[in-house]
Every structure is written in structure tokens, then in C-alpha cells.
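So the structure is just underneath, and the comments pick up after that.
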Amino acid sequence: MKRVLLIEDLPQVAQHLQSMLAREQEVEVAGVQSQADQAIAQVSTEKPDVVLIDALLQGKVTGFDIAKRIRSASPGTRVVIVTVPQRPVDPRPDEGIDAVFVLPGGANELAVALGVGGKAATRVRGKMIAVYSPKGGSGKTMLSVNLACVLRRRGHAVALMDGVMQFGSVRHVLQVPPNTRSIVDLPTGQAMRTSLSEILWEGPSGVAVLLGPPRPEEAELMQPPDIATAMQLLAENHDYVIVDCPSRLADDTLAILDAANLILLVVTYMAASVNNARAAIDTFEALGYKGAKPILLVVNQADTAAGMSKGGLEHALNLPVVAEIPTDWKTVSESLNKQQPFVLAQQNTPIAKAMDAFANGLVTQQRK
């Protein structure tokens, strides 16, 4: 068991790293410090096995200064610098940097940086796409379901996963039999590989659907690492894995976003939606997602511009818009109530054609 001290002054990053450390069986978190002096004092007295230091600490004392001081105070402590792709750092043991962990790296990368037993790499075949919105009612479930159906109709092997462990909507917008099994029926860890095919439900056009828990209290049975593992196992046998994410940025959502190859951020041309998206993007930057994986904007109800424009939105959020989906309350309402994706049941409507163009642009972007 290795005792790890975390030095981080951004609360959201500290929480994220703590949750990652908590998943490591060979790791015990010795504490979290945000101030250099307190961190050095703890290292001097407790001599932790590993110290994780954010290279981008705010204030006069940098993470590199702290690394040098820790090396002097506790030569036997392994020092790991945490950074993001935009700020590359090389290991320099002579300057107190034994290893580097680049956010948003996964469990394997973290284990290697900490010097604990790494995990076998998953043989990922397909693209894992997280459909996320910080604001409820944005239409992300509708977009996830119809995007999966369009991609499947184009001949791709597609899996649709309900990543919302409590009050997920996927089972309610498709004609799912009441007793269909869900992610809670899978064993934990890599053992779920042997049972996954038995749990998947064959949805419209042959989309493989992994449902979320049927009862809200069962959400507690699912741990973030197992949610990410389910995504990766689905990607072994599918070209695309579409994941409908929760709106809150809790550990389960971060596990999905960490594992994803691409994040689709759903917004509308409304000030509240744009402001929430801006806050989410700030968190993505702190976690190192920007620059490490594509983050694309999808504008829902795009014909309700409310004085905004595509170019203005791209400028405000500094991200590209990959699709604009028009408003069609009648088509969408009928689709949801009849539990039939509108891209299959009403292919000639403007909204269905917009989804088809969206899928085409997404495939083209992935090829690039």
C-alpha cells in the first residue's frame, strides 16, 4: 500500500484526482494540500511514498519549486507532476520530478506514474462518444438515441449506453420490455466481459443498447470505474459507442468523460445554456480535456436563435459547432411518446435530415 499526498489548489481537479486515487487498490490518500508550506510540512513529518503536484499551481510558489523542496525534505518520496497536454513536462529526477501524469489520463497512466501495478490495456476498436449537457432538458437523450440509429443505418456497429445511473431516460424513449436487464446485472471489473453480450438489448435497426438501472436506488450499486469499463468493453466490438451522460459533473460523469474519445456538448441559443456550457468548458480545461480530445458543440432547437448566431456561439465558447438541429416539437413529441426514433419513423422531416447530416459530419470529423 502506497500513501499518496495530493497538492492541488483547484477544488474540481482535486476532487477528480482523489476519485481516481480512490479506485487504486494499492493506494491510500494521505491528504490533500492546497498551500505549499503546509504540504512541505506534511511531507517532512509523514514521508509519504508519493506526492502528486499540480504543475499549474496558482501563486508565487510553482509546482516545480515544491518538487525541489520535497526532494530535499524527503529524498525517498516519489514526486509526480500533474499537467495538461498544452503544458508538456518531462521527467527530471535530478530536479525532483520522477514521473509525469497528463490529464485527462486514465487509470493505467496514473498507475504507471505512481509506480503501482498497471492494468492490462483494453483492446478498444471503436470511438466512444459522450453526449453531455450541463443543463437538463437540452435534448441530449433524444440526440443520443437518434444519432446511434443513424450511424447504425449507415452500416456501422453501434452501441448505445445509458450513462445516467439514476432516472435514466433511454429505456423510456425506446420500446424496451419491462424486465430487460441492465448494467447492474453485470459483474464488476473485467469480469463483465463474459456477461456483457447477454445483457445487451437489441434496439431499433440493431443498435446494441446497454440500459441504466431500472430503479433509482440501484444507482448506488454502480461504481465509476465499472461504468468506464463497460464503455471500453462495448468499444471492443462496436465502431461507435454513444453514451448519454448525466448533467451533473460528479464522479460517474467524469469517469465517462475520461474514457470518451469525443465529447459532444449540447447547447441552445439561450443565455442560460451558453453560460452553463462556459462553466463546463472551464472545468474541462482544468481537467485537461481540451487539446487531449475533441469537444464539439451541437446546437439543439437551433432555429430559435434569440439574437445569437453560430459564429457568435463558437466565438463565445471557443469551440466549433458540428451540427444545428432545428426545433420540431410535434415530431419529437410523437417520437418520444411512441418510443420510435424519428430518424427511422419520419425520415423526411427537417429534423431527421439534420440528424443525418450531423452523423455524416461526425464521421467525416473522426476520419480527419
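The values are calculated or read from the model by the stated rules, or taken from the named source; none is laboratory data. Values in this document were obtained by computation on a predicted structure and should not be read as measured data. Here Cβ is always computed from backbone atoms with ideal geometry, including for glycine, and neighbour counts include all displayed protein chains.
Some observations on this one:
- Test for GLU8: is it buried (at least 20 other Cβ atoms within 10 Å of the Cβ) and either under 31 Å from the mean Cα position of the chain (by Cα) or among the basic types (Lys, Arg) (or both): yes
- When we screen SER144, SER138 for residues that are buried (at least 22 other Cβ atoms within 10 Å of the Cβ) and either free of Cβ contacts under 8 Å to residues at least 24 places away in the same chain or not in a loop (DSSP other than H, G, I, E, B) (or both), the only hit is SER144.
- Test: residue in the stretch 66-80 that is buried (at least 20 other Cβ atoms within 10 Å of the Cβ), more than 18 Å from ASP94 (Cβ to Cβ) and touching a helix residue (DSSP H, G or I) at 6+ places or on another chain (Cβ under 7 Å): no
Quick grid of which residues meet (1) in contact with an Asp or Glu (Cβ under 9 Å, 6 or more places away or on another chain); (2) at pLDDT 90 or above:
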site	(1), (2)
VAL299	yes, yes
LYS310	yes, yes
SER333	no, yes
ASN348	no, yes
ILE351	yes, yes
LEU362	no, no
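- Residue in the stretch 296-309 that is of a type in the set (S, T, N, Q) and crowded, with 20+ Cβ neighbours inside 10 Å present: yes
- If you go through the stretch 43-59 and keep only what is at negative phi, of a type outside the set (Asp, Glu) and within 33 Å of the chain's Cα centre (by Cα), you end up with VAL43, PRO48, VAL50, VAL51, LEU52, ILE53, ALA55, LEU56, LEU57, GLN58.
For every residue, the table says whether it meets (1) hydroxyl-bearing (Ser, Thr, Tyr); (2) touching a residue at least 60 places away in the same chain (Cβ under 8 Å); (3) out of contact with any Gly (no Cβ under 7 Å at 6 or more places or on another chain).
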{"residue": "ASN179", "(1), (2), (3)": "no, no, yes"}
{"residue": "SER182", "(1), (2), (3)": "yes, no, no"}
{"residue": "THR194", "(1), (2), (3)": "yes, no, yes"}
{"residue": "SER197", "(1), (2), (3)": "yes, no, yes"}
{"residue": "PRO204", "(1), (2), (3)": "no, yes, yes"}
{"residue": "GLY212", "(1), (2), (3)": "no, no, no"}
{"residue": "ARG215", "(1), (2), (3)": "no, no, yes"}
{"residue": "ALA230", "(1), (2), (3)": "no, yes, yes"}
{"residue": "VAL243", "(1), (2), (3)": "no, yes, no"}
